[in-house]
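One structure is given here, and the rest of the page talks about it.
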Amino acid sequence: MSVSAATSELPPPDIVRCAYLDLVVTDLAASREFYVDMLGLAVTEEDDEAIYLRSFEEFIHHNLVLRKGPVAAAAAFAYRVRAPEDVDRAEQWFAARGCRTERRADGFTAGIGDSVRVTDPLGFPYEFFHEVEHVERLAWRYDLHTPGALVRLDHFNQVTPDVPKGREYLEDLGFRVTEDIKDDEGTTYAAWLRRKDTVHDTALTGGDGPRMHHIAFATHEKHNVLSICDKLGALRRSDVIERGPGRHGVSNAFYLYIRDPDGHRVEIYTQDYYTGDPDNPTVTWDVHDNQRRDWWGNPVVPSWYTEASPVLDLDGEPQPLQERTDSSEMAVTVGADGFSYTRKGDENEGFKLGAAL
(Lines give C-alpha, C1' and ligand atoms only; values in the text may rest on other atoms or scores of the structure.)
Protein backbone atom coordinates (compact mmCIF):
# COMPACT_ATOMS: atom_id res chain seq x y z
CA MET A 1 0.00 0.00 0.00
CA SER A 2 1.57 3.27 -1.10
CA VAL A 3 1.59 6.18 1.32
CA SER A 4 1.51 9.71 -0.06
CA ALA A 5 3.69 12.47 1.34
CA ALA A 6 0.64 14.18 2.83
CA THR A 7 -0.47 10.93 4.45
CA SER A 8 2.97 10.25 5.90
CA GLU A 9 2.89 13.64 7.64
CA LEU A 10 -0.24 12.75 9.63
CA PRO A 11 0.78 12.08 13.24
CA PRO A 12 -0.05 8.59 14.47
CA PRO A 13 -2.01 8.15 17.69
CA ASP A 14 0.01 7.99 20.90
CA ILE A 15 -0.60 4.38 21.92
CA VAL A 16 -0.07 3.57 25.59
CA ARG A 17 -0.43 -0.21 25.68
CA CYS A 18 -2.40 -3.25 24.60
CA ALA A 19 -5.54 -3.11 26.73
CA TYR A 20 -8.08 -5.80 25.87
CA LEU A 21 -9.07 -8.51 23.43
CA ASP A 22 -12.62 -8.90 22.12
CA LEU A 23 -12.87 -12.67 21.71
CA VAL A 24 -15.77 -14.61 20.20
CA VAL A 25 -16.44 -18.01 21.79
CA THR A 26 -19.04 -20.61 20.92
CA ASP A 27 -19.89 -21.87 24.43
CA LEU A 28 -19.96 -19.10 27.02
CA ALA A 29 -20.35 -21.44 29.99
CA ALA A 30 -17.36 -23.58 28.97
CA SER A 31 -15.26 -20.48 28.38
CA ARG A 32 -16.25 -19.07 31.77
CA GLU A 33 -15.11 -22.28 33.45
CA PHE A 34 -11.75 -22.03 31.66
CA TYR A 35 -10.98 -18.33 32.19
CA VAL A 36 -12.64 -17.77 35.58
CA ASP A 37 -12.71 -21.09 37.44
CA MET A 38 -9.41 -22.45 36.13
CA LEU A 39 -7.31 -19.34 35.40
CA GLY A 40 -8.87 -17.07 38.02
CA LEU A 41 -9.56 -13.93 36.00
CA ALA A 42 -11.93 -11.54 37.78
CA VAL A 43 -15.44 -10.99 36.45
CA THR A 44 -16.31 -7.29 36.07
CA GLU A 45 -19.78 -7.95 34.70
CA GLU A 46 -21.61 -10.57 32.65
CA ASP A 47 -24.88 -11.42 30.98
CA ASP A 48 -26.18 -14.13 28.67
CA GLU A 49 -24.20 -12.77 25.71
CA ALA A 50 -20.83 -11.65 27.11
CA ILE A 51 -18.47 -11.88 30.08
CA TYR A 52 -16.06 -9.02 30.90
CA LEU A 53 -12.87 -10.15 32.65
CA ARG A 54 -9.85 -8.39 34.11
CA SER A 55 -6.53 -9.28 35.67
CA PHE A 56 -5.72 -8.48 39.29
CA GLU A 57 -3.73 -5.29 38.75
CA GLU A 58 -6.11 -3.80 36.17
CA PHE A 59 -8.22 -0.72 36.92
CA ILE A 60 -9.98 -0.33 33.57
CA HIS A 61 -13.20 -2.25 33.00
CA HIS A 62 -11.73 -5.33 31.32
CA ASN A 63 -8.78 -6.99 29.59
CA LEU A 64 -10.81 -9.71 27.93
CA VAL A 65 -14.32 -9.88 26.54
CA LEU A 66 -15.79 -13.33 25.96
CA ARG A 67 -18.62 -12.78 23.52
CA LYS A 68 -20.93 -15.56 22.40
CA GLY A 69 -21.01 -16.11 18.65
CA PRO A 70 -21.26 -18.72 15.90
CA VAL A 71 -17.56 -18.70 14.92
CA ALA A 72 -14.71 -18.71 17.43
CA ALA A 73 -12.48 -15.79 16.42
CA ALA A 74 -10.76 -12.60 17.53
CA ALA A 75 -13.03 -9.59 16.93
CA ALA A 76 -10.66 -6.80 18.01
CA PHE A 77 -7.17 -6.21 19.38
CA ALA A 78 -7.74 -3.10 21.49
CA TYR A 79 -5.17 -0.47 22.48
CA ARG A 80 -5.54 2.41 24.89
CA VAL A 81 -4.32 5.79 23.61
CA ARG A 82 -3.04 8.65 25.73
CA ALA A 83 -5.70 11.31 25.12
CA PRO A 84 -9.18 11.64 23.57
CA GLU A 85 -7.74 13.39 20.50
CA ASP A 86 -5.62 10.30 19.81
CA VAL A 87 -8.82 8.47 18.86
CA ASP A 88 -9.28 11.15 16.18
CA ARG A 89 -5.67 10.67 15.09
CA ALA A 90 -6.13 6.90 14.83
CA GLU A 91 -9.23 7.30 12.67
CA GLN A 92 -7.50 9.79 10.36
CA TRP A 93 -4.21 7.88 10.21
CA PHE A 94 -5.81 4.62 9.10
CA ALA A 95 -8.36 6.23 6.80
CA ALA A 96 -5.55 8.05 4.99
CA ARG A 97 -4.00 4.65 4.27
CA GLY A 98 -7.20 3.35 2.69
CA CYS A 99 -8.19 1.25 5.70
CA ARG A 100 -11.81 0.79 6.64
CA THR A 101 -12.76 2.50 9.92
CA GLU A 102 -15.83 2.52 12.17
CA ARG A 103 -16.33 4.99 15.04
CA ARG A 104 -18.70 4.62 18.01
CA ALA A 105 -19.02 7.41 20.54
CA ASP A 106 -20.37 4.97 23.14
CA GLY A 107 -17.79 2.30 22.43
CA PHE A 108 -18.04 -1.22 21.10
CA THR A 109 -18.09 -2.93 24.50
CA ALA A 110 -19.27 -2.16 28.03
CA GLY A 111 -16.96 0.06 30.06
CA ILE A 112 -15.25 1.65 27.04
CA GLY A 113 -16.14 5.08 25.65
CA ASP A 114 -15.45 6.75 22.30
CA SER A 115 -13.59 4.23 20.14
CA VAL A 116 -12.58 3.60 16.58
CA ARG A 117 -12.13 0.18 15.04
CA VAL A 118 -10.12 -0.31 11.88
CA THR A 119 -9.13 -3.08 9.53
CA ASP A 120 -5.38 -2.55 9.49
CA PRO A 121 -3.07 -3.01 6.45
CA LEU A 122 -2.52 -6.65 7.42
CA GLY A 123 -6.25 -7.40 7.71
CA PHE A 124 -6.43 -7.39 11.53
CA PRO A 125 -9.24 -5.70 13.49
CA TYR A 126 -7.67 -3.04 15.73
CA GLU A 127 -9.43 -0.76 18.20
CA PHE A 128 -8.22 2.49 19.75
CA PHE A 129 -9.85 4.15 22.76
CA HIS A 130 -9.12 6.47 25.66
CA GLU A 131 -12.30 6.85 27.73
CA VAL A 132 -12.80 4.01 30.20
CA GLU A 133 -14.83 3.10 33.23
CA HIS A 134 -12.63 2.63 36.29
CA VAL A 135 -13.20 -0.41 38.51
CA GLU A 136 -11.58 -1.71 41.69
CA ARG A 137 -7.93 -2.64 41.26
CA LEU A 138 -7.59 -6.00 42.99
CA ALA A 139 -3.83 -5.86 43.59
CA TRP A 140 -4.40 -5.59 47.35
CA ARG A 141 -7.21 -8.15 47.49
CA TYR A 142 -4.96 -11.04 48.47
CA ASP A 143 -8.01 -12.85 49.77
CA LEU A 144 -9.02 -13.27 46.13
CA HIS A 145 -5.61 -14.15 44.70
CA THR A 146 -4.88 -17.71 43.64
CA PRO A 147 -1.36 -19.24 43.54
CA GLY A 148 -1.38 -18.69 39.77
CA ALA A 149 -2.81 -15.16 39.84
CA LEU A 150 -2.85 -13.40 36.45
CA VAL A 151 -1.86 -9.82 37.16
CA ARG A 152 -1.64 -8.06 33.77
CA LEU A 153 -2.51 -8.37 30.12
CA ASP A 154 0.94 -8.52 28.56
CA HIS A 155 0.64 -8.86 24.77
CA PHE A 156 -0.99 -10.17 21.63
CA ASN A 157 0.64 -12.33 18.96
CA GLN A 158 -0.55 -12.14 15.35
CA VAL A 159 0.09 -14.48 12.42
CA THR A 160 0.75 -12.73 9.10
CA PRO A 161 2.28 -13.90 5.82
CA ASP A 162 4.35 -10.70 5.43
CA VAL A 163 6.28 -9.94 8.61
CA PRO A 164 8.45 -7.17 7.06
CA LYS A 165 5.35 -5.32 5.81
CA GLY A 166 3.76 -5.56 9.23
CA ARG A 167 6.92 -4.48 10.96
CA GLU A 168 7.24 -1.39 8.75
CA TYR A 169 3.61 -0.38 9.22
CA LEU A 170 3.69 -0.85 13.00
CA GLU A 171 6.92 1.15 13.25
CA ASP A 172 5.17 3.95 11.33
CA LEU A 173 2.39 3.66 13.90
CA GLY A 174 4.91 4.28 16.67
CA PHE A 175 5.84 0.78 17.78
CA ARG A 176 9.50 -0.12 18.37
CA VAL A 177 11.07 -3.48 17.53
CA THR A 178 12.76 -5.21 20.45
CA GLU A 179 13.63 -8.62 18.98
CA ASP A 180 13.32 -10.53 15.72
CA ILE A 181 14.16 -13.86 14.10
CA LYS A 182 15.96 -13.91 10.74
CA ASP A 183 18.20 -16.09 8.59
CA ASP A 184 21.36 -15.40 6.60
CA GLU A 185 19.32 -14.98 3.41
CA GLY A 186 17.40 -12.04 4.89
CA THR A 187 14.06 -13.74 5.56
CA THR A 188 12.27 -12.43 8.65
CA TYR A 189 10.29 -15.10 10.49
CA ALA A 190 8.97 -13.08 13.45
CA ALA A 191 9.25 -9.68 15.14
CA TRP A 192 8.39 -8.37 18.60
CA LEU A 193 7.14 -4.78 18.93
CA ARG A 194 6.28 -2.67 21.94
CA ARG A 195 4.67 0.54 23.15
CA LYS A 196 4.94 0.00 26.90
CA ASP A 197 8.44 -0.58 28.31
CA THR A 198 8.45 -4.38 28.04
CA VAL A 199 9.51 -6.70 25.22
CA HIS A 200 6.21 -6.40 23.37
CA ASP A 201 2.61 -5.34 23.16
CA THR A 202 2.24 -7.42 20.04
CA ALA A 203 4.33 -9.79 17.97
CA LEU A 204 4.22 -10.81 14.34
CA THR A 205 4.65 -14.51 13.57
CA GLY A 206 5.12 -15.58 9.97
CA GLY A 207 2.40 -17.84 8.58
CA ASP A 208 -0.89 -17.93 6.69
CA GLY A 209 -2.94 -15.02 7.98
CA PRO A 210 -4.37 -12.84 9.28
CA ARG A 211 -4.91 -15.00 12.36
CA MET A 212 -4.44 -14.62 16.11
CA HIS A 213 -1.66 -16.78 17.48
CA HIS A 214 -2.29 -16.02 21.16
CA ILE A 215 -3.14 -13.60 23.93
CA ALA A 216 -0.74 -13.47 26.90
CA PHE A 217 -1.34 -12.71 30.56
CA ALA A 218 1.51 -12.04 32.99
CA THR A 219 2.11 -13.48 36.44
CA HIS A 220 4.55 -12.10 39.01
CA GLU A 221 6.90 -15.09 39.16
CA LYS A 222 7.56 -18.39 37.45
CA HIS A 223 6.23 -20.30 40.48
CA ASN A 224 2.81 -18.83 39.60
CA VAL A 225 3.06 -20.49 36.19
CA LEU A 226 4.02 -23.79 37.78
CA SER A 227 1.05 -23.48 40.13
CA ILE A 228 -1.26 -23.22 37.13
CA CYS A 229 0.26 -26.42 35.74
CA ASP A 230 -0.28 -28.17 39.09
CA LYS A 231 -3.89 -26.97 39.21
CA LEU A 232 -4.57 -28.19 35.68
CA GLY A 233 -3.10 -31.55 36.60
CA ALA A 234 -5.16 -31.79 39.78
CA LEU A 235 -8.33 -31.03 37.79
CA ARG A 236 -7.38 -33.68 35.20
CA ARG A 237 -7.21 -30.93 32.59
CA SER A 238 -3.59 -31.36 31.53
CA ASP A 239 -4.87 -31.92 27.99
CA VAL A 240 -5.25 -28.13 27.63
CA ILE A 241 -1.47 -27.69 28.00
CA GLU A 242 0.00 -27.34 24.52
CA ARG A 243 3.58 -26.33 25.22
CA GLY A 244 5.78 -25.71 28.24
CA PRO A 245 6.39 -24.72 30.90
CA GLY A 246 9.74 -23.41 29.74
CA ARG A 247 11.82 -20.32 29.17
CA HIS A 248 12.01 -18.48 25.88
CA GLY A 249 15.28 -17.33 24.38
CA VAL A 250 13.38 -14.53 22.68
CA SER A 251 12.14 -12.19 25.46
CA ASN A 252 13.88 -14.28 28.16
CA ALA A 253 10.41 -14.91 29.62
CA PHE A 254 9.13 -18.00 31.41
CA TYR A 255 6.08 -19.35 29.56
CA LEU A 256 3.21 -21.79 29.33
CA TYR A 257 0.82 -22.20 26.38
CA ILE A 258 -2.68 -23.56 26.90
CA ARG A 259 -5.76 -23.85 24.69
CA ASP A 260 -9.28 -22.75 25.66
CA PRO A 261 -12.42 -24.76 24.78
CA ASP A 262 -12.56 -23.19 21.30
CA GLY A 263 -8.86 -23.74 20.67
CA HIS A 264 -7.87 -20.09 21.27
CA ARG A 265 -4.28 -20.08 22.51
CA VAL A 266 -3.42 -18.37 25.82
CA GLU A 267 0.13 -17.78 27.01
CA ILE A 268 0.98 -17.40 30.70
CA TYR A 269 4.09 -15.24 30.76
CA THR A 270 6.53 -13.76 33.26
CA GLN A 271 9.99 -12.23 33.78
CA ASP A 272 10.87 -10.45 30.56
CA TYR A 273 12.98 -7.27 30.71
CA TYR A 274 12.86 -3.46 30.60
CA THR A 275 13.09 -1.87 27.14
CA GLY A 276 12.31 1.81 27.79
CA ASP A 277 15.67 3.43 27.02
CA PRO A 278 15.73 5.26 23.67
CA ASP A 279 18.78 3.28 22.55
CA ASN A 280 17.51 -0.10 23.70
CA PRO A 281 19.21 -2.50 21.26
CA THR A 282 17.25 -4.85 19.00
CA VAL A 283 18.10 -8.51 19.63
CA THR A 284 18.24 -10.60 16.44
CA TRP A 285 18.07 -14.38 16.64
CA ASP A 286 19.19 -16.83 13.96
CA VAL A 287 16.22 -18.95 12.91
CA HIS A 288 18.47 -22.03 13.27
CA ASP A 289 19.39 -21.25 16.87
CA ASN A 290 17.97 -24.15 18.87
CA GLN A 291 17.42 -21.87 21.89
CA ARG A 292 15.50 -19.01 20.26
CA ARG A 293 12.04 -20.42 21.04
CA ASP A 294 13.00 -22.43 24.11
CA TRP A 295 16.12 -21.52 26.08
CA TRP A 296 16.51 -25.13 27.19
CA GLY A 297 16.40 -26.36 23.60
CA ASN A 298 13.14 -28.25 23.96
CA PRO A 299 11.36 -28.87 20.64
CA VAL A 300 8.34 -26.81 19.59
CA VAL A 301 5.21 -28.87 19.03
CA PRO A 302 3.96 -28.63 15.42
CA SER A 303 0.54 -27.25 16.41
CA TRP A 304 2.22 -24.17 17.85
CA TYR A 305 3.49 -23.34 14.35
CA THR A 306 0.46 -24.37 12.33
CA GLU A 307 -2.70 -23.60 14.35
CA ALA A 308 -4.19 -20.19 15.15
CA SER A 309 -7.54 -18.44 15.55
CA PRO A 310 -9.44 -16.65 12.76
CA VAL A 311 -9.91 -12.89 12.97
CA LEU A 312 -13.04 -10.98 11.98
CA ASP A 313 -13.63 -8.01 9.72
CA LEU A 314 -15.68 -5.04 10.92
CA ASP A 315 -18.87 -6.80 9.81
CA GLY A 316 -18.09 -9.78 12.02
CA GLU A 317 -17.13 -12.08 9.16
CA PRO A 318 -13.97 -14.22 9.21
CA GLN A 319 -11.14 -12.71 7.21
CA PRO A 320 -9.90 -14.87 4.30
CA LEU A 321 -6.38 -16.21 4.68
CA GLN A 322 -3.43 -15.18 2.57
CA GLU A 323 -0.75 -17.81 2.14
CA ARG A 324 2.78 -17.13 3.32
CA THR A 325 5.18 -17.42 0.40
CA ASP A 326 8.40 -16.85 2.36
CA SER A 327 9.96 -19.86 4.05
CA SER A 328 8.22 -21.03 7.21
CA GLU A 329 10.12 -21.30 10.47
CA MET A 330 8.89 -24.84 10.99
CA ALA A 331 9.99 -25.95 7.52
CA VAL A 332 13.53 -24.61 7.81
CA THR A 333 14.15 -25.93 11.33
CA VAL A 334 12.23 -29.23 11.57
CA GLY A 335 12.50 -32.40 9.50
CA ALA A 336 14.77 -33.62 6.72
CA ASP A 337 15.14 -30.19 5.09
CA GLY A 338 15.79 -28.30 8.31
CA PHE A 339 18.41 -28.06 11.01
CA SER A 340 19.15 -26.19 14.20
CA TYR A 341 22.16 -25.81 16.43
CA THR A 342 23.00 -25.37 20.07
CA ARG A 343 26.46 -23.90 19.50
CA LYS A 344 26.92 -22.33 16.09
CA GLY A 345 30.00 -23.71 14.38
CA ASP A 346 29.94 -27.10 16.09
CA GLU A 347 30.69 -29.94 13.70
CA ASN A 348 27.78 -31.89 15.16
CA GLU A 349 24.71 -29.71 15.36
CA GLY A 350 22.49 -30.00 18.42
CA PHE A 351 19.23 -30.62 16.58
CA LYS A 352 16.08 -31.64 18.43
CA LEU A 353 13.25 -32.84 16.22
CA GLY A 354 10.09 -30.92 17.00
CA ALA A 355 7.76 -33.22 15.03
CA ALA A 356 8.99 -36.50 16.56
CA LEU A 357 6.26 -39.01 17.43
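Within the stretch 238-248, the set of residues being out of contact with any helix residue (DSSP H, G or I) (no Cβ under 7 Å at 6 or more places or on another chain) and either open to solvent by 10 Å² or more (accessible area, probe 1.4 Å) or under 17 Å from residue 154 (Cα atoms) (or both) comprises 239, 244, 247, 248. Of all the numbered requirements in (1) of a type outside the set (D, E, K, R); (2) open to solvent by 70 Å² or more (accessible area, probe 1.4 Å); (3) at pLDDT 90 or above; (4) over 30 Å from residue 32 (Cβ atoms), residue 321 misses one, and that requirement is (4). Among the conditions (1) under 16 Å from the mean Cα position of the chain (by Cα); (2) not in a loop (DSSP other than H, G, I, E, B), the only one that residue 150 does not satisfy is (2).
Filtered by the rule that a residue be over 20 Å from residue 289 (Cα atoms) and touching a helix residue (DSSP H, G or I) at 6+ places or on another chain (Cβ under 6 Å), the stretch 164-217 gives a lone residue, 193. Being outside any loop (DSSP other than H, G, I, E, B), touching a Gly at 6+ places or on another chain (Cβ under 6 Å) and crowded, with 23+ Cβ neighbours inside 10 Å is a description that does not apply to residue 65. Filtered by the rule that a residue be of a type in the set (Lys, Arg) and surrounded by fewer than 17 Cβ atoms within 10 Å (Cβ to Cβ), the stretch 90-122 gives 100, 103, 104. Among the candidates 198, 187, the residue that is under 28 Å from residue 344 (Cα atoms) and among the hydroxyl-bearing types (Ser, Thr, Tyr) is uniquely 187. Can you find a residue that is over 27 Å from residue 207 (Cα atoms) and part of a strand (DSSP E or B) anywhere in the stretch 154-173? Within the stretch 154-173, not a single residue is over 27 Å from residue 207 (Cα atoms) and part of a strand (DSSP E or B). Just wondering, is there one or more residues in the stretch 81-89 that are under 30 Å from residue 143 (Cβ atoms), open to solvent by less than 50 Å² (accessible area, probe 1.4 Å) and of a type outside the set (S, T, N, Q)? No: the stretch 81-89 contains no residue that is under 30 Å from residue 143 (Cβ atoms), open to solvent by less than 50 Å² (accessible area, probe 1.4 Å) and of a type outside the set (S, T, N, Q). For the stretch 255-294, filtering for residues that are open to solvent by 10 Å² or more (accessible area, probe 1.4 Å), in a strand (DSSP E or B) and not aliphatic (A, V, I, L, M) leaves 5. Close contacts from the stretch 286-313, counting a first residue that is within 30 Å of residue 25 (Cβ to Cβ) and at pLDDT 95 or above and a second that is in a strand (DSSP E or B) and open to solvent by 50 Å² or more (accessible area, probe 1.4 Å), with Cβ to Cβ under 8 Å and a gap of 6+ residues or different chains, come to 310/318; 311/318; 312/318.
The values are calculated or read from the model by the stated rules, or taken from the named source; none is laboratory data. Keep in mind that what you see is a predicted model, and the values were worked out from it rather than measured. In this analysis, Cβ positions are derived from the backbone assuming ideal geometry, glycine residues included, and neighbour counts consider all displayed protein chains. Only protein heavy atoms, including side chains, enter the accessible area calculation; ligands, DNA and RNA are left aside. Shrake-Rupley method; radii C 1.70, N 1.55, O 1.52, S 1.80 Å.
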